[in-house]
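For reference, the structure is listed below as structure tokens.
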Amino acid sequence: MCGGFTCSKNALISLNILYILVSFILIGVAVYGRAASIVTNLPIVGGILACGVILLVISLLGLVGAVKHHQVILFFYMVILFFLFLIQFSIACACLAVNMEQQEQWAEQGWGQVDNDTKMEVQQAFLCCGFDNKIALDQPKMSHPSCELIEPKCCPDPANKGCHCKTCMSKLQSTINYAFKLCGWIGLFFSFTEFLGVWLTVRYRNQKDPRANPSAFL
């Protein structure tokens, strides 16, 4: 690996360009994780979204610091990037550690917080009826709009009287689980590139620019 000033500078610039692409990937994956389930409450996925936005801002700051070899900017960039690595690594591990029961609890909270129009949208999108098999009279928050318009789509054969739409949780569960795992693995993988960025910034910051005035180096 080259150890010169120019090589380190170009490597850091390239890494920050990569971070910009990574930030868009994280934002896109997190938005998918939130939109795919529509009503579910996914706070961890929201953390991945926040990390993507912060990484986008930090990568732009890192580009400026790398191009100008600005000691102050590189210092703050290095510190913030390290904390972002810790946060993103923790959130990614949390995404991978969430089990089906916890996912269902968050989905139930989300279902209870939205109005009937949103519930109807979910039922039509996923061809399902109600959240789960819990009795709505016992738990009013689990109530749902009428499924009269959806039942014919779920059961196109009128002769099959025993056919009914599946519950929305049974339809959403695989989507929610996939969103968590996708966010977790992508967040975990790219968090290690941030640690590489911290190491490269420390290395680059301590090198002298051969074209600069030696007295200007801090």
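The values are calculated or read from the model by the stated rules, or taken from the named source; none is laboratory data. If you're wondering where the values come from, they're calculated on a predicted model, not measured in any experiment. Because the Cβ atoms are built from the backbone with ideal geometry, glycine has one as well, and the counts that use them run over all protein chains shown.
When you scan region 169-192, do you find a residue that is outside any helix (DSSP H, G or I) and touching a residue at least 40 places away in the same chain (Cβ under 8 Å), even just one? No.
Taking the criterion of being of a type in the set (Asp, Glu), within 30 Å of residue 66 (Cα to Cα) and either surrounded by fewer than 12 Cβ atoms within 10 Å (Cβ to Cβ) or at pLDDT 80 or above (or both), would at least one residue in region 134-141 satisfy it?
No, region 134-141 has no match at all.
Residue 215: assigned to a helix (DSSP H, G or I), at pLDDT below 75, exposed (fewer than 14 other Cβ atoms within 10 Å of the Cβ) and of a type in the set (Gly, Ala, Ser), yes or no?
Yes, satisfied.
When restricted to residues that are closer than 30 Å to residue 96 by Cβ and not hydroxyl-bearing (Ser, Thr, Tyr), region 142-193 contains 22.
Can you name the residue in region 87-110 that is more than 13 Å from residue 180 (Cβ to Cβ) and in contact with a helix residue (DSSP H, G or I) (Cβ under 6 Å, 6 or more places away or on another chain) and is also surrounded by the fewest Cβ atoms within 10 Å (Cβ to Cβ) among such residues? Ranking the qualifying residues of region 87-110, first place goes to 89.
When every residue of region 50-63 is checked against the conditions, at least one turns out to be at pLDDT below 80, within 20 Å of residue 188 (Cα to Cα) and crowded, with 21+ Cβ neighbours inside 10 Å. One residue is enough: does region 142-159 have a residue meeting the conditions more than 30 Å from residue 8 (Cβ to Cβ), in contact with a Leu (Cβ under 8 Å, 6 or more places away or on another chain) and either basic (Lys, Arg) or modelled with pLDDT under 80 (or both)? Yes: one or more hits.
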